[in-house]
Structures are given as structure tokens and as C-alpha cells.
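Structure record follows, encoded as C-alpha cells.
The values are calculated or read from the model by the stated rules, or taken from the named source; none is laboratory data. Just so it is clear, the model here is predicted, and its values are computed rather than measured. Neighbour counts run over all protein chains shown; Cβ positions are idealised from the backbone, glycine included.
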Amino acid sequence: MELFDKSEIEKEIRELPNGILEILLDAAVSLNINSIAIVGGVVRDLITKSKNKNYEIILNDLDLIIEGETSNYVKELQKILGPERVKVIRNNTTYKTTEIAINGIKVDIAEAREETYPIPGENPIVESSTIKNDLIRRDFNINAMAIELKENRLIDLFSGLDAIINKEIDFLHKSSVLEDPTRIIRASRYSAKLDFRISNQALGQIKDTMNIWPWNWHIGDKTHLPPSALSIRLKMELELLLKSKYWKNALKNLKDCGGLKIVDPKLENDERIIEKIFIAKKSNIEPLTALVYESEDPISLAKRLHLDQQQKEIIEGAFQLQKSLKDLTANDLYKKWPPSKWTTFLEEINANESSFILEICKENPLKEYLKSWLYNWKYIESPIKGDDLIAKGWEPGPGMGIEIKRQRMKLIDEKFFSK
């Protein structure tokens, strides 16, 4: 089929150097590699382009799969093209993949493999296999296609071509979600990116799997025990979704299909979750940090997802801020506080500015005071500095700091108390 001819592919994908696919094939042939194929988004894009001439293919990377060892294959490429043109970026021995750059173009090379999940949600056991078996272990019909470079033919075991034409995503197996619940996140992201529907069959599998919750860990259990697909891999997929260009639609898809329950059930019922994350993103807060803070137990969820230390500190600061404000509302005295009193109170909590934004997004009843400090009061400096006091005869010491603070608080009240 002309569409899958190597020269035609290079014509459609302008970033590919002329003749590079033939070179990739030659390297495989010289090592007696039985089969080599292109997989991933490029295959989808080429098919979509054939149906819609106005569709623009943007190459982020080229995904290759070979029935052979990636390290030997990369060495052969370096022998053919020269080591200066083929740079190894990283190796992953567990999943038998090597990421390289050829003339600056990223190429991900994977050894054909099959995966088994002895424990649902945990990382799979990986074994070398054929390209056919590699496609069988994938997540969706639209991702289970390959262009075999020796014969210039499409391998399509699960009607992926029809799925692209019909703009519908479906899981490959009845146990897809059970084995890896992060596939719910990916389905939501692909659906938004490609403007495809998630099939009724896939939606049913998501709902049924979530209802029985087949994993040996439940939300509320100890945070160091969940399987990878409910912890570190879940974090990675959530980050990809929330940082994507289509994150709003992707998150809506995830919410609509019930997939947010694998993160936290409370998020499923939050009608303003997209708006809250949007506000946080505008304030340069990591969207995943904002999502986690809206959960039932954000500190535990942050540990479970292995958020970095800065993210944890922002969440813990917001949580402490929330607690302090809740204690404050036990009586109404705060309603008579001048701005200086509020400033002293809030600054003694010593929370990150991002923590304040998270608590504002959470619609704290005292959010107007938080906004006033964050956007006004905190920027007021004392009109008198240490040098000014020394010039007036003050002795250096704690008393100077107290006076500087007093002058600052006085100015804050002068500027804002009458408003």
C-alpha cells in the first residue's frame, strides 16, 4: 500500500531526513533482525493524514520496535551513520528500550516484548517476543498498529484503522483496566487530544472495574503499599494529562468516565475542579499539586503519588493554613481585626505563597483576608530601615527589629484600615 511506503512516509513527515527509514531497515537486516516496524502516534497520524489532507503531522519522536536487542542495533546504527550522528540518550534495561537522537531527531527503539501482570496494578513481568505479541499487550486499538518496514505493510490486529476512521477508542482486552488502571488516564488524554470518543465497551469496563476495585490496596490504606499503577505510574500519567494542551477536556473525560476515583473519590464530585486547577496554573503552581490538594486527604495522597518535596511543602503549608483559619473562626473576634493583626497572624504561619493560592482556590470562608494579604498587605515595607534608626541613635539589637515591624504594621493600617 503506497501510504506505508518508506519514501511516502518521509514525504509526509518533513522532519525525517531523506533515506533515513532505509538506513534503519539496513541496520536491522545486517544484524539478521527478523522484523522492524514503526509504531505509535506516527502510524495514527499517517492514517489520519490519508483521510484528511489538511491534517498536519508534527513529529515529536519516532517509535521503532525490533525483534532483536536494542543495544546491538544502536551500535550498528552508529557504525553506519557515525557516532557523532547517533547519540544515546538513555537505556531502560527493564523494559528493553533505548532512546537515541539521530541528527537531533528523537528515536525510541524498543525490543518486541510481551508483558504479564501476576498482580493487578503492579509493574508487569517483561519477556522478549515478537512484534505481533508486542502489539497484543498494548492499551488501545488505535495504538496497536505497526508499519513493518521490510514489506511496507500495516499490521493491524484490532481494527485500529476502522477505529481511527470512526474516531473511537477501545481497550484491547477485557482485563485492560484491571491489569493497569492508568489506562483510564491515557484513554481520557487520547480522547481529548484526538477528539475521539471512548467506546461504550471501554466505558463499561472502566465502570465495572472501579465498582469491584480488584486491587489489593484501597484508598485510606498505608501510602507506601499501593501498586505502581495506583502510585508512581499514576502520578506520571496524571502529570502528562494535566500538562497537555488539551488538559481541560482530558480531565473532563476522566471525570465523566469515573476515572478520578482511582485518585480520590472526592475529586469525582468536585464541579469546580477544572476551574481550580486553571487558577493554580495561572499562578505557576504545578497542576498536580492543585489536584491533590482538593482531595479528601491531600497529605496522604501526596505521599502515595511520590510528589516532590516542594509540592509536599506547599500542600502541607496550605493544610496548616486551613487548620489555623478554622481554629480562628471559633469566635468572631477576627472580624474586628485590623490589617496589621491579620498580617502578623498569617505571617506567623510561615506558609508558602502557593499554599495561600491553594486555600483561596478551595473557597476558604476567609479567602478575602488571604487575598488581601497575598496581593496587598505583604508588599508593604516599613518606612524606616535599620540605618535610619541607627542614625537616630538606636543601638543595634532586637529592639530595632521590633520598631521596624511596628512601623510597618502602622503603615499597613494607615493604607488599608479605613478602606
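The criterion of at least 3 residues that are farther than 18 Å from Asp156 by Cα and in contact with an Asp or Glu (Cβ under 7 Å, 6 or more places away or on another chain) is met by the following strands (runs of 3 or more DSSP E) wholly inside the range 92-140: 105-111, 125-128. Could you check, for the range 202-215, whether at least one of its residues is farther than 20 Å from Pro118 by Cβ and assigned to a strand (DSSP E or B)? Checked the range 202-215: no residue is farther than 20 Å from Pro118 by Cβ and assigned to a strand (DSSP E or B).
Using the structure shown, decide if Thr209 is surrounded by 19 or more Cβ atoms within 10 Å (Cβ to Cβ), hydroxyl-bearing (Ser, Thr, Tyr), out of contact with any Phe, Trp or Tyr (no Cβ under 8 Å at 6 or more places or on another chain) and more than 23 Å from Leu288 (Cα to Cα). The answer is yes for Thr209.
For residues in the range 345-372 being hydrophobic (A, V, I, L, M, F, W, C) and in a loop (DSSP other than H, G, I, E, B), which is modelled with the lowest pLDDT? Among those residues, the one meeting the criterion is Ala351.
Suppose the filter is farther than 17 Å from His306 by Cβ, in the same structural domain as Ser188 (by TED's automatic domain parsing) and surrounded by 14 or more Cβ atoms within 10 Å (Cβ to Cβ); does Ala229 pass it? Answer is no for this residue. Within the range 24-49, the set of residues being surrounded by 21 or more Cβ atoms within 10 Å (Cβ to Cβ) and not in a helix (DSSP H, G or I) comprises Ile36, Ala37, Ile38, Val39. Pairs are defined by a Cβ separation below 7 Å, a sequence spacing of at least 6 or placement on different chains, a first member in the range 364-380 that is farther than 22 Å from Asp327 by Cα, and a second member that is surrounded by fewer than 16 Cβ atoms within 10 Å (Cβ to Cβ) and of a type outside the set (A, V, I, L, M); the pairs so defined are Ile380/Lys415.
Criterion first (in the same structural domain as Ile206 (by TED's automatic domain parsing), farther than 19 Å from Phe4 by Cα, surrounded by 16 or more Cβ atoms within 10 Å (Cβ to Cβ) and touching a strand residue (DSSP E or B) at 6+ places or on another chain (Cβ under 9 Å)) does Glu179 satisfy it? Taking the combined requirement at face value, the residue satisfies it.
Just so you know, in the range 297-344 the residues that are among the charged types (D, E, K, R) and in a loop (DSSP other than H, G, I, E, B) include one that is surrounded by the most Cβ atoms within 10 Å (Cβ to Cβ), and it is Asp297.
Against the list (1) exposed (fewer than 14 other Cβ atoms within 10 Å of the Cβ); (2) modelled with pLDDT of 90 or more; (3) of a type outside the set (Ser, Thr, Tyr); (4) in a helix (DSSP H, G or I), the condition Glu381 fails is (4).
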